[in-house]
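Here is the structure we will look at.
Values in this text are rule-based calculations from the coordinates and carry no lab data. Owing to the predicted nature of the structure, the values given are computational and were not obtained by experimental measurement. Cβ sites come from the backbone with ideal geometry, for glycine too, and all protein chains shown count toward neighbours.
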Amino acid sequence: MNFYGIVDGSESSLKNFLSQLPGVDQVGAEARAAMLATRSIKTTSKRWAIDTAISMVDLTTLEGADTPGKVRALCTKAVRPDPTDLTIPSVGAVCVYNDMVSIARTHLDAIGGKHVPVAAVSTAFPSGRASMEVKIQDTQDAIDAGAAEIDMVIDRGAFLSGKFGLVFDEIVKIREVCGERAHLKVIFETGELVTYDNVRKASYLAMLAGADFIKTSTGKVAPAATPPVVLVMLEAVRDFYVLTNRRIGVKPAGGIRNTKDAIKQLVLVNETAGPEWLTPEFFRIGASALLNDLLMQRMKMDDGYYASPNYVTID
Amino acid sequence: MDFEYAPAPESRSIVSIKPKYGHFIDGKFVNGRNHFATINPATEEVLSQISLGSASDVDKAVIAAQKAYTKTWSKLSGKERGKYLYRIARILQERAREFAVLETLDNGKPIRETRDIDIPLVAAHFFYHAGWADKLDYAGMGKSPKPHGVAGQIIPWNFPLLMLAWKIAPALATGNTVVLKPAETTSLTALLFAEVCQQAELPDGVVNIVTGDGSTGSAIVNHAGIHKIAFTGSTEVGKKIARAIAGTNKKATLELGGKGANIVFDDAPIDETVEGIVNGIFFNQGHVCCAGSRLILQEGIAEEITEKLKARMSKIRVGDPLDKNTDLGAINSREQLNKINELSAAGDAEGAERWNPSCNLSDKGYWFAPTIFTGVTQAHRIAREEIFGPVLSILTFRTPQEAIEKANNTPFGLSAGVWSEKGSRILWATQQLRAGVIWANTFNKFDPTSPFGGYKESGWGREGGKHGLASYLKEGK
Amino acid sequence: MSRLEVKKTYKLYINGAFPRSESGRVYEVSDSKGNFIANPALASRKDLRDAVVAARAAQPGWGKATAYNRGQILYRIAEMLEGRADQIANEISATSGLTPKKAHEQLAAAIDRWVWYAGWSDKLAAAFGSTNPVAGPYYNFTIPEPQGVIAVAPQDEFLSFIDAIAPVITSGNSVIALVPGASAVPAMTFAEVLATSDLPHGVINILTGSHDELAPWAASHMDIDGMDISGIDKKKRAALKEAGAENLKRIHHFDDAQTPNRIYAFMEAKTVWHPIGV
């Protein structure tokens, strides 16, 4: 096997490649992210950023208590985030558990939302603790039910104990299951990887194994999509593009709750990976509460006064 | 559509600039003469008229400082002196935004830097030194060390208020009184600081500010009533001061020029290194004596670093210093712009290869795009002379020893940088480098607790920390 | 029949060797009664130039020797000096007019100086360094380092000569001593002590002769980093400081014979920053 002519998938070739990646200096990376957070986005650029952010939201519900009704409501909101303002774009995707995929797909199709894909979390989300057979079946089920995007988790235990080959194989196998039918997002759970060096290594591991997107977190572990983590991942996709000519997407998820946070993420993308990534094709934000704040900020820009949560729908 | 940031200008309504200023002597603003314009270098707008202090103005200021020293300041306990400094620190924090905007207007540096770096550090310097005032027995200068008397202080235009703080805070904490001259092109924040002295009810004459040019500075250096000189500026003027005081008992600290080497080993954390290189040379438009103006790259990664640096430089936002998103502001003066142009032209003439990202530079004001020169050798003027602008000379090396030799091959010795992920290599390099401040895996960081100053022709003495106090004290017996 | 004494030729001490002055000149030293004692070499500016080259070459190795090692070598100088105590005390007495008792006291003080400074070498970082609690995630420390090559111009007195050179080399500088007048005689015998000690060649270089002739050349020499002009007449100091301004030489004079300030004045504080992260 050959992956981009860079590794052959063996444990040793992965170790060799990952060990020669430059380190990440924690203080320097955090300082850079903090500096970019001071960017002041006003007026026309803010308006553009809000609409762009809305189009990038993977509107998510991943609760044990999810019901078909809640998922349908979420889909309605995904297609038309504000029923009173049809100039607002649809979100990037609806992200649900495996068993909710067909409900979501059916409802989206029924309400004129064919253009909104359904993303399914997969591979024994969120812990990743299951046999390979179960993970494959989990993925296959979701795709058969209509998922166009698969958000898989990696085996963090294997990664942290240095079994890169194991992690790599899992991603490769899930990639095969996805085939041409589904986009593959690989979730690292960066809060469990702890160091930025690990985030960089995991990014390359996933990209080499065939990920279309690399994603920070499940939303179940904090810290999640902190700006420096996203910075390091954006550097990875930027450099991977130079290396392979293939553009990989990035999806921060978890902890991005308001417009200010979302705009900080867009600034990070703009000044790190570049404007080519500023599209839902290559950047998504996994969130639930964020969408309403984006809508309220948009209303404020239109109306000139601050909005109230009473004027946006709760789901 | 690209993500174009709309203008986000900081409001200048917070500052009020008088049409004309005199000096601040003996606690009062007094009229001056021979006014000259101070301008906003980003627009060439005349901001105000500044008085060119004469020898007689300096004399009045020194007399006021002497009187304050003998009558009030030397009679105060350290504890009470410290409380004045704490007051000043607090007022500076309260009025921080006003100082930041005024500094940006007068100097041309971006509001992001004045707001996030200059002014917070100014307050921190006063806060730090306030605490020393009643603890001088622990400064390593013996029991009950004594101040010199009147300190004459001459500061540069690159960090106007920060350099004022570096000078005035330790002088007052140790019990000296002060006659300070701000730089010709950047007097406004020093004059606003005089108002802070009044608000803090600092006794009259403890701080005196006389504006002017080199002749005013010379009058301070040569005044018989001055006991200690503190100067930050060029090595050329530093040497003149050293000669001028050779026959006197005046003490001097000199913070002078530099040509800092920033050494990158092939195991460096590359992305943070690129940030450090940018911060090293483009911070404050490169108007930094300790700038990392010589980038010395290990051959194996020279190309990669240079490419990444170019990509990163393309993201540098050059323009209106008051815009909160501006990274690189205006060159401080036409004179400085001419000097940068002249040395850059020498780089071209000597065969180095110039590159800069395309920037829309305003016709009004003084601007210079962030620029790198590759193919530079030790023999090039741009590798030896201080450019004091946003211009980086890039050299390469093969062996660690060669990197150190190139880094040390200069009469300067102010700063250096080392980038590597290997701890023992960093410590080895920091030990070999002949420079007073060494940043390893970072660059251009400052703190009041951290001594700053140069080896060789980069100056005499240190500022900041325990070491910085020593130059304002006579050893106690 | 009494035996004719074999007298010593007093030369210079440069890079561990004893060359004559390249100028070929000497000057006469006699005792207080006018009896001839010796013809020390009258060093020239070219001898100074050679001494600077030797001192510059020797300095990095000496500066990087461990502080423990430097301390032991300084202590070894004291041991060796003790062994030559009578000889040098006699020379001090003969050339300075001090009584033999006073001369022995001075020599004893000189030995004790070496012991005192020997103990300083590994305390300098503790006394003059610091770790600095900066407001950020950085480890920040300041350490004192030797300046490099230092010229010293002591008074015409053996103990002043020791007072000038010992502190300068304690920190790892190399030194060029400009020894004036009659103290050249015990100073050059002391050079023999150095030659048999473990001090690397070139760390201490001794030129005998005239301050008026040599000091201005030392002050203007661009490869000398600092200068102790304690032995220079007050009226002549300004000119030296002015000349030294050309390379911002650190020029000092001291009132105290024995103080750690004489060490620290010829050191530079180096501050190092490094981020703290995982």
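For the range B:338-477, the relative contact order is 15 percent, taking Cα pairs closer than 8 Å that sit 6 or more residues apart in sequence and dividing their mean separation by the residue count. What net charge is computed for the residues neighbouring residue A:144, neighbours being all others with C-beta under 13 Å from the C-beta of residue A:144, Lys and Arg scored +1, Asp and Glu -1? Charge balance in the 13 Å sphere: -1. For residue C:102, a cut-off of 25 angstrom between C-alpha atoms picks up these lysines, skipping any fewer than 8 places away in its own chain: C:7, C:8, C:33. Amide H contacts for residue B:396 (H built 1.01 Å from N in the peptide plane; partners 5 or more residues away or on another chain; cut-off under 5 Å): B:297.
Treating only the Cβ of Lys, Arg, Asp and Glu as charged (+1, +1, -1, -1), what charge dipole size does the protein assembly as shown show about its Cα centre? Round to the nearest 20 debye.
Charge dipole of the protein assembly as shown: 2840 debye, to the nearest 20.
For a straight C-alpha distance cut-off of 17 angstrom, the lysines reachable from residue B:315 (same-chain residues fewer than eight places away being disregarded) are A:264, B:324. Rounded to the nearest whole Hz, the Karplus-based 3J(HN,Hα) values (6.51 cos²θ - 1.76 cosθ + 1.60, θ = phi - 60°) of the range C:46-55 follow the sequence 6, 4, 4, 4, 5, 5, 5, 4, 5, 5, with x at glycine and proline. For the residue pairs A:163/A:251; B:60/B:477; B:167/C:241; B:477/C:101, the alpha carbons lie more than 29 Å apart in B:60/B:477; B:477/C:101. Roughly speaking, what is the centre-to-centre gap between the range B:371-395 and the range A:250-276 when only Cα atoms are used, to the nearest Å? So the two Cα centres are separated by 36 Å. For chain A, the relative contact order comes to 19 percent (Cα pairs under 8 Å, sequence separation of at least 6). Counting only other chains, and only Cβ atoms inside 10 Å, what mean value do you get across the residues of A:32-38? So the per-residue partner count for this stretch is 3.
Which of the peptides A:136-142, B:316-322, A:203-209 is most tightly packed, and how do the rest follow, judged by the mean count of other Cβ atoms within 10 Å per residue?
Ranked from most to least packed, the peptides come out as A:203-209, B:316-322, A:136-142.
Classified by the C-alpha gyration tensor, chain C has a prolate form. Its axis ratio a/c, with a ≥ b ≥ c, is 1.5 or above, and a/b is larger than b/c. Taking every C-alpha pair closer than 8 Å and separated by at least 6 residues, the mean separation divided by the residue count of the range B:140-282 gives a relative contact order of 24 percent. Other residues whose C-beta falls under 15 angstrom from the C-beta of residue B:228 contribute a net charge of +4, scoring Lys and Arg +1 and Asp and Glu -1. For the protein assembly as shown, the antiparallel share of DSSP beta bridges with both residues in that region comes to about 30%.
Given the range A:117-240, what percent of its DSSP beta bridges are antiparallel, to the nearest 5?
0 percent
Take each residue of peptide B:106-116, count the partner chain Cβ atoms within 10 Å of its Cβ, and average: the result is 1. For the peptides B:270-277, C:271-278, residues were scored by their other Cβ atoms within 10 Å and the scores averaged per peptide; the highest-first order is B:270-277, C:271-278.
Under the rule that an exposed site lies in a DSSP loop and has at most 15 other Cβ atoms within 10 Å, name the longest stretch of chain A with no GluC sites (Glu not before Pro) of that kind, not counting the sites themselves.
Maximal segment without exposed cleavage sites: A:64-179.
Each principal axis of the Cα cloud of the protein assembly as shown was evaluated for its coordinate range; sorted largest first, these ranges are 131, 72, 56 Å. Computed from backbone phi with θ = phi - 60° and the Karplus coefficients 6.51, -1.76 and 1.60, the 3J(HN,Hα) list for the range B:369-385 is 5, x, 9, 10, 10, 9, x, 8, 10, 4, 7, 5, 4, 6, 9, 10, 9 Hz; x is used for glycine and proline.
Counting, for every residue in B:234-246, the Cβ atoms of other protein chains within 10 Å of its Cβ and taking the mean gives 3. Scoring B:82-88, B:323-329, A:297-303 by mean Cβ neighbours within 10 Å over their residues and listing the highest first yields B:323-329, B:82-88, A:297-303.
Any of B:109/B:135; B:240/B:445; B:71/B:135; B:143/C:123 with alpha carbons more than 26 Å apart? Name them for me.
Over 26 Å apart, Cα to Cα: B:109/B:135; B:240/B:445.
Rounded to the nearest 5, the antiparallel percentage of DSSP beta bridges internal to chain B is 35%.
Take the alpha carbon gyration tensor of the range B:272-398, find the square roots of its eigenvalues, order them as a ≥ b ≥ c, and report rounded if a/c is under 1.5; if not, report prolate when a/b exceeds b/c, else oblate. Oblate is the answer for the range B:272-398, as a/c is 1.5 or above yet b/c matches or exceeds a/b.
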